[in-house]
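Enquirer: One structure coming up, written as structure tokens, with questions to follow.
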Amino acid sequence: MTKSVAHQKTPAKAAIASWVGTTLEYYDFAVYGTAAALVLNVLFFPPELPDGIKVLLSMATFAIGFVVRPLGAFILGPLGDRFGRKFVMMITLFGIGACTFLIGCLPTYGQVGILAPILLIVIRIIQGLSVSGEQASAITMTLEHAPEQRRAFATSFVTSGSASGGLLATAVFIPFAALPQEQLLGWAWRIPFWLSAVVVIVAYVIRRTLEEPPAFLETQAIKVQLSPIKQATRFHWAKIIRVAACAMIAGVSYLFAAFSVSFATVGYGLDKPTMLWVPVGASFLAILYTPVAGILADRIGRRTVFIIGAVGAGLTTAPYLWAITQANWPLIFILGILCNGLFYSTANAAWPAFFAEMFPSRVRVSGLATGTQIGFAIAGAIGPVASTALAGADLKGWVGPAALAIGLMAVATISALTAKETRGYTLDEIDDLQQTEREKEAVTAATVLPAEA
């Protein structure tokens with residue numbers, strides 16, 4: 001009785017705390033992606049370069065934050081399994097927020113020359129390392145606090161934070177993007193980065209009273225001389241690869257949020273403030289719809305819902321990019337909102353529970369962080385950078401970027417089909433389901449028994 005009282009689940013608090021952190025993470029992602037498309041390409045690179053090359057270099061600094069994520073996952077994932085999900089969530093909160101704030105303080109190329117992009121890259125690397133442990137820890141925290149029959153619904157709030165962060169960042173940027181060019185490039189672009197401090201403060205206030213989930217506390221009571229990352233890579237490497245492949249569907253979202261804005265405004269000269277309303281509309285729908293898709297994943301299965309969303313997001317990217325080339329605003333809004341607000345949000349609602357339930361509790365953060373961050377690193381590097389390159393120096397080609405989105409969709413969908421459906425299992429049953437006899441024997445052999453009284 002004492003144990004059950006001491007280790008109570010707090011699903012609502014865990015979901016809110018995780019949602020706020022993911023909002024900050026995606027506020028950073030969206031504000032940087034928007035700035036990379038609109039101002040960083042002008043402010044941080046030599047002015048004599050062609051516009052397409054400056055956008056490509058700007059997208060490369062966006063990508064570098066993803067490239068280092070697998071390294072961060074190898075560091076922070078095991079910390080989440082060894083010292084606690086909350087422990088990592090607090091570290092990453094301040095790491096992400098401080099880096100976002102500092103980007104707003106950086107000198108430009110016109111002020112310090114080549115040092116400007118170098119400082120930008122250094123901060124993006126630190127930020128990428130911090131981000132790599134945030135989402136996996138938040139998802140695991142929420143999953144392990146959630147009621148058994150509502151795990152996908154609960155964890156969908158983590159990824160709905162991505163929509164909230166995207167909406168917040170883009171909405172903040174809209175009035176500044178509407179300012180005269182000299183004001184936007186002079187001081188206004190810095191304000192959205194500095195506003196990240198507000199989100200950090202709110203997230204800290206909520207997270208500081210959050211308790212570790214009972215599943216983690218019970219695991220900690222058993223001392224095992226086998227590191228979580230070693231156990232994950234030794235016995236769950238195939239699942240890590242599967243998660244990484246499935247996570248590459250995120251490249252479609254990165255293409256939508258970062259590349260399509262520069263494609264429209266630089267390549268085709270479409271109005272910047274109007275174009276920014278497209279991701280705002282998509283994010284608004286995603287905030288409302290993601291929990292609904294989470295409920296659906298609890299009822300018909302994580303894998304099914306994920307595949308529906310991935311296929312829909314990939315296939316609607318092509319007509320969305322084509323609509324931009326036609327400057328057809330009604331189609332741009334309809335297809336953009338369908339692609340990212342509906343279909344991608346469907347996959348986004350299902351994957352937290354889908355991926356996390358591929359691993360037993362003791363290595364859940366390590367396996368989830370490693371798999372997702374490898375996939376996100378590939379998708380984050382390929383999505384905006386390859387799309388920009390495929391669009392050509394004048395940023396007018398849409399077929400190449402559309403084919404890339406469909407390719408990412410195919411990789412994610414085929415990989416998802418190889419996974420087990422875990423909707424009908426409890427977390428205790430998943431611990432047993434996802435471990436082979438060989439792994440159980442290895443863990444048992446490495447378990448330190450308490451001393452005889």
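Enquirer: Determine if the range 16-37 includes at least one residue that is open to solvent by 40 Å² or more (accessible area, probe 1.4 Å) and either within 19 Å of Trp189 (Cβ to Cβ) or part of a helix (DSSP H, G or I) (or both). Before you say what the answer is, go through the steps one by one.
Expert: Kept after step one, since they are open to solvent by 40 Å² or more (accessible area, probe 1.4 Å), are these residues of the range 16-37: 16, 19.
In the following step, the residues that additionally are either within 19 Å of Trp189 (Cβ to Cβ) or part of a helix (DSSP H, G or I) (or both) were identified as 16, 19.
Yes: one or more hits.
Enquirer: Report, ordered by the first and then the second residue, all pairs with beta carbons closer than 8 Å, sequence separation of six or more or different chains, a first member in the range 11-29 that is closer than 17 Å to Ala171 by Cβ, and a second member that is among the aromatic types (Phe, Trp, Tyr) and part of a helix (DSSP H, G or I).
Expert: Taking only residues 6 or more apart or on different chains, not a single pair turns up.
Enquirer: Right, something else. Just one of Tyr254, Tyr204 is open to solvent by less than 10 Å² (accessible area, probe 1.4 Å), under 22 Å from the mean Cα position of the chain (by Cα) and either closer than 21 Å to Asp51 by Cα or not β-branched (Val, Ile, Thr) (or both); which is it? Reasoning before the result, please.
Expert: On the way: Tyr204 fails: open to solvent by less than 10 Å² (accessible area, probe 1.4 Å).
Just one listed residue meets the conditions, Tyr254.
Enquirer: If we keep just the residues of the range 330-344 that are open to solvent by 30 Å² or more (accessible area, probe 1.4 Å) and among the aromatic types (Phe, Trp, Tyr), which is nearest to Arg299 (Cα to Cα)?
Expert: Phe343
Enquirer: Hey, another quick one. For Thr346, only one of the following conditions fails: (1) within 18 Å of Val278 (Cβ to Cβ); (2) in a helix (DSSP H, G or I). What is its number?
Expert: (1)
Enquirer: Which of the residues that make up the range 48-88 are of a type outside the set (A, V, I, L, M, F, W, C), open to solvent by 50 Å² or more (accessible area, probe 1.4 Å) and modelled with pLDDT under 85?
Expert: Glu48, Pro50, Asp51
Enquirer: Identify all residues within the range 164-176 that are open to solvent by 40 Å² or more (accessible area, probe 1.4 Å) and at pLDDT 80 or above; write none if there are none.
Expert: Filtering the range 164-176 for residues open to solvent by 40 Å² or more (accessible area, probe 1.4 Å) gives 168, 171, 175.
Result: Leu168, Pro175.
Enquirer: Sticking with this structure for a sec: Among the numbered conditions (1) over 18 Å from the mean Cα position of the chain (by Cα); (2) of a type outside the set (Ser, Thr, Tyr); (3) at pLDDT 85 or above, tell me where Val5 comes up short.
Expert: (3)
Enquirer: A further question on this structure: Mind counting the residues in the range 393-416 that are in contact with a helix residue (DSSP H, G or I) (Cβ under 7 Å, 6 or more places away or on another chain) and either free of Cβ contacts under 8 Å to residues at least 24 places away in the same chain or not in a helix (DSSP H, G or I) (or both)? Spell out the reasoning first.
Expert: Narrowing the range 393-416 to residues in contact with a helix residue (DSSP H, G or I) (Cβ under 7 Å, 6 or more places away or on another chain): 393-398, 400-402, 404-406, 408-409, 411-413, 415-416.
Going one step further and asking which of them are either free of Cβ contacts under 8 Å to residues at least 24 places away in the same chain or not in a helix (DSSP H, G or I) (or both), we end up with 393-398, 400.
The qualifying residues number 7.
Enquirer: Any residue that is open to solvent by 10 Å² or more (accessible area, probe 1.4 Å), in contact with a Gly (Cβ under 9 Å, 6 or more places away or on another chain) and at pLDDT 90 or above - is there at least one of those in the range 379-389?
Expert: No - not one qualifying residue is present in the range 379-389.
Enquirer: Also, I was wondering about something else. Could you tell me which of the residues Leu179, Leu217 is over 22 Å from the mean Cα position of the chain (by Cα), surrounded by fewer than 21 Cβ atoms within 10 Å (Cβ to Cβ) and in a helix (DSSP H, G or I)?
Expert: After applying the criteria, what remains is Leu217.
Enquirer: Which condition does Phe263 not pass, out of (1) open to solvent by 20 Å² or more (accessible area, probe 1.4 Å); (2) in contact (Cβ under 8 Å) with a residue 24 or more places away in the chain, if it passes all the others?
Expert: Among (1) open to solvent by 20 Å² or more (accessible area, probe 1.4 Å); (2) in contact (Cβ under 8 Å) with a residue 24 or more places away in the chain, the lone unmet condition for Phe263 is (1).
Enquirer: Being in contact with a Phe, Trp or Tyr (Cβ under 7 Å, 6 or more places away or on another chain), aliphatic (A, V, I, L, M) and crowded, with 24+ Cβ neighbours inside 10 Å narrows it down to one residue among Ala347, Ala297, Ala327, Ala310; which is it? Walk me through how you get there before you give the answer.
Expert: Working: Ala297 fails: in contact with a Phe, Trp or Tyr (Cβ under 7 Å, 6 or more places away or on another chain); Ala327 fails: crowded, with 24+ Cβ neighbours inside 10 Å; Ala310 fails: in contact with a Phe, Trp or Tyr (Cβ under 7 Å, 6 or more places away or on another chain).
Result of the check over Ala347, Ala297, Ala327, Ala310: Ala347.
Enquirer: Please go through the range 38-47 and give me each residue that is open to solvent by 10 Å² or more (accessible area, probe 1.4 Å) and not in a helix (DSSP H, G or I), ordered by number.
Expert: Correct list: Phe45, Pro46, Pro47.
Enquirer: Looking only at residues that are of a type in the set (D, E, K, R) and in contact with a Phe, Trp or Tyr (Cβ under 8 Å, 6 or more places away or on another chain) in the range 110-163, which one is surrounded by the most Cβ atoms within 10 Å (Cβ to Cβ)? Break it down stepwise before answering.
Expert: First, the residues of the range 110-163 that are of a type in the set (D, E, K, R): 124, 134, 144, 148, 150-151.
Then keep just the ones that are in contact with a Phe, Trp or Tyr (Cβ under 8 Å, 6 or more places away or on another chain); that gives 124, 144.
Numbers: Arg124: 22, Glu144: 25.
Residue satisfying both the conditions and the ranking: Glu144.
Enquirer: Tell me the helices (runs of 4 or more DSSP H) entirely within the range 227-323 that contain at least 2 residues that are within 14 Å of Phe343 (Cβ to Cβ) and of a type outside the set (Phe, Trp, Tyr). Before the answer, list the steps.
Expert: On the way: elements: 228-235, 237-247, 250-254, 272-300.
The helices (runs of 4 or more DSSP H) meeting that bar are 250-254, 272-300.
Enquirer: Is one or more of the residues making up the range 65-72 out of contact with any helix residue (DSSP H, G or I) (no Cβ under 9 Å at 6 or more places or on another chain) and outside any helix (DSSP H, G or I)? First the steps, then the outcome.
Expert: The first filter runs over the range 65-72 and keeps only residues out of contact with any helix residue (DSSP H, G or I) (no Cβ under 9 Å at 6 or more places or on another chain), leaving none.
No.
The values are calculated or read from the model by the stated rules, or taken from the named source; none is laboratory data. Computed from a predicted structure; not experimentally measured. Neighbour counts are summed over all protein chains in view; Cβ atoms, including those assigned to glycine, are modelled from backbone coordinates with ideal geometry. Ligands, DNA and RNA are stripped out before the accessible areas are found, and what is left, the full protein with its side chains, is counted by its heavy atoms. Shrake-Rupley method; radii C 1.70, N 1.55, O 1.52, S 1.80 Å.
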